1. Distance check, please: which entries in K3/K306; K269/K316; K200/K275; K213/K306; K35/K325; K3/K274 exceed 31 angstrom between their Cα atoms?
2. Report the Stokes-Einstein translational diffusion coefficient (µm² s⁻¹, integer) for the stretch 1-136, Rh taken as the Kirkwood radius over Cα pairs, at 20 °C with viscosity 1.002 mPa s.
3. Expected output is a single nm value to one decimal: the length gained when fully extending between T220 and S69, i.e. 0.36 nm times separation in residues minus the C-alpha distance. What is it?
4. Quick one: check the C-alpha center-to-center distance for the stretch 13-54 versus the stretch 72-106, whole angstrom.
5. How would the stretch 39-78 be classified by its alpha-carbon gyration tensor: rounded, prolate or oblate, with rounded meaning a/c under 1.5 and the a/b versus b/c comparison settling the rest?
6. Largest first and in whole Å, give the semi-axes of the stretch 242-361's equivalent ellipsoid, each being the square root of 5 times a Cα gyration tensor eigenvalue.
7. Taking a 1.4 Å probe, which of T231, T326 shows the most accessible area, and what order do the others take after it?
8. For the stretch 164-225, with all protein chains present and a 1.4 Å probe, just round the carbon and sulfur fraction of the accessible area to a whole percent.
Amino acid sequence: MKKTIIVTGGAGFIGANFVLEWLKLGLGTVVNLDKLTYAGNLENLVSVRHNPQHIFVHGDIGDQALLTSLLQEHQPTAIVNFAAESHVDRSIHGPEDFIQTNVVGTFHLLEAVRAYWADLIEEDRQDFRFLHVSTDEVYGSLAKDDPAFTETHSYAPNSPYSASKAASDHLVRAYHHTYGLPTLTTNCSNNYGPHHFPEKLIPLVIHNALAGKDLPIYGTGQQIRDWLYVTDHCAAIRRVLEAGQIGEVYNVGGWNEMPNIEVVKTLCKMLDVKKPRADGKSYADQIAFVEDRLGHDQRYAIDASKIAKQLGWKPKETFESGIEKTVNWYLENQDWVSNVTSGEYRHWVQKQYAERGEELA
Ligand code: NAD
Ligand code: DAU
C-alpha cells in the first residue's frame, strides 16, 4: 500500500524538487506544509497543481495545533522536514526569523510529532520516521588540508543560520535519545539546480549575467564549497528514509570541492557559448570583487562514505553535467526568474549589495 508523508518547506528549492520527484516516482501522497515566505513559491509546484496526491497546506511548522490536526487527519508514515530560513547573508542581517523557524519551529514540529507517534499502534510506531534535513555548515569551517567532515566531526557553527540549524539538529537528536522518536538526520553540502532562489551564488550569477549586472564575488573568491546537484540530494533523502538506521546521521555531498571564483568562471564560459553577449565580450568581464561576508567560512567538504558504504547512495551527476542542466533550466525558465525577482527580492538585493558598494537592484 502506498503511504502518505508530510513534507515541510516543500515550496522552496530542495523541498519542491523532492515533492516533484516523489510524485513522479509514484511513491504515494504528499501533504506539503509551507509558510510561503519569500523563498516559498507555488510556481515551483505548478505541474502537480491538479494531482490529487499532492495536498498543499499554507502554514507554519511553529503552529503546533495545525500540525496536530494535519497528523490526525492524514496519518502519515513519515515527516521530511525541509522548512527553514536558509540564506546565510539574511541571517547576518536579521537572525530572529532563523531562531523562530529553525529552532522554535522545529521544536513545535517535534512536539506535535512526538504526541502523534506515541499514540500509534505498535506496528505503525515501528514504521514511522522523522527525517530532518540539515546542512554541512553546522560543522564550521575547514582549513585547506583538513580532512572532510565526517558524521562525528564536532559541531562549530559560525553564522546565525548555521547555529540555528545546529540547534535544530540537537533537538532532533535529543527527541530520539530521550523519547525514542525514530529520527534520521542528513547533513548535506551546497545544492544547485532548478528552482534555486536567485539570492544564492549560482542562480544569482546566472541571473545577473543575463541582466548585464555585476557578478559579486565576496572577498577573494577563494572560499571553497562542495557542490551537489539537487536531485542527487533528493535521492539520498529517499534512500535514508527507506533504509537509514534510526537515530543515525548521514552526511551527503558531491565529492566536488570548488573555489567560488572557479564556479563563477565556469558559469560565465557556459553562458558565453549558450547565450553570447551582444557585444561579443565574455560574461567574465562582469565579475566584481566586493566586500567579504562577515565571519565567512573558508571551506566546507563532506565525506560521504558512510551513506555510500551503508546505503549504497552516490551522486549521479558530475559538476559538469549538473551545471549544464542548471544553466539550461534558467535559460528556459526566464519567466520563473522574472516572477521571483520582483518585489521583496529587489528590496533585499538593494540592501545586501549596496553595503558592499554595488548597485544591483
Ligand atoms: P529555501 O529557502 O529555498 O526553502 C525553504 C522553504 O521553507 C520555503 O518554501 C519557505 O516558504 C519554507 N518555510 C520557511 N519557514 C517556514 C515555516 N516556519 N513553516 C513552514 N515553512 C517554512 O531552502 P532550501 O535551499 O530548499 O533548503 C531546504 C532545507 O535544506 C533547509 O532546511 C536547509 O537548511 C537545508 N539545506 C539546504 C542546502 C542548500 O544548499 N540549499 C544544503 C543543505 C541543507
Ligand atoms: O553548505 C550548505 C549550505 O549552502 C546550505 O545550508 C545553505 O542553506 C545554502 O544557502 C548554502 O550556503 P552558502 O553560504 O555556502 O551558499 P551561498 O550560495 O550563499 O554562497 C556560496 C558561496 O559564494 C559562499 O562562499 C559565499 C559566496 N557568495 C555568495 C553570494 C550570494 C559570493 O561570493 N557572492 C554572492 O553574491
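The values are calculated or read from the model by the stated rules, or taken from the named source; none is laboratory data. On a predicted model such as this, the values are computed, not experimentally measured, just so you know. Using ideal geometry, Cβ is built from the backbone for each residue, glycine included, and neighbour counts are taken over all protein chains shown. Remember, those area values only see protein heavy atoms, side chains included, never the ligands or the DNA or RNA. Shrake-Rupley method; radii C 1.70, N 1.55, O 1.52, S 1.80 Å.
1. Details: K3/K306 27 Å; K269/K316 23 Å; K200/K275 21 Å; K213/K306 42 Å; K35/K325 29 Å; K3/K274 42 Å.
In this structure, K213/K306; K3/K274 exceed 31 Å between Cα atoms.
2. Details: Rh = 15.2 Å.
Answer from the Stokes-Einstein relation: 141 µm²/s.
3. 49.3 nm
4. Rounded to whole Å, the Cα centres lie 17 Å apart.
5. Values: a/c = 2.94, a/b = 1.45, b/c = 2.03.
Taking the square roots of the gyration eigenvalues as a ≥ b ≥ c, the stretch 39-78 is oblate.
6. Working: eigenvalues 213, 82, 55 Å².
Over the Cα atoms of the stretch 242-361, the ellipsoid semi-axes are 33, 20, 17 Å.
7. T231, T326
8. Numbers: 930 of 1750 Å².
For the stretch 164-225, the apolar C and S fraction of the accessible surface comes to 53 percent.
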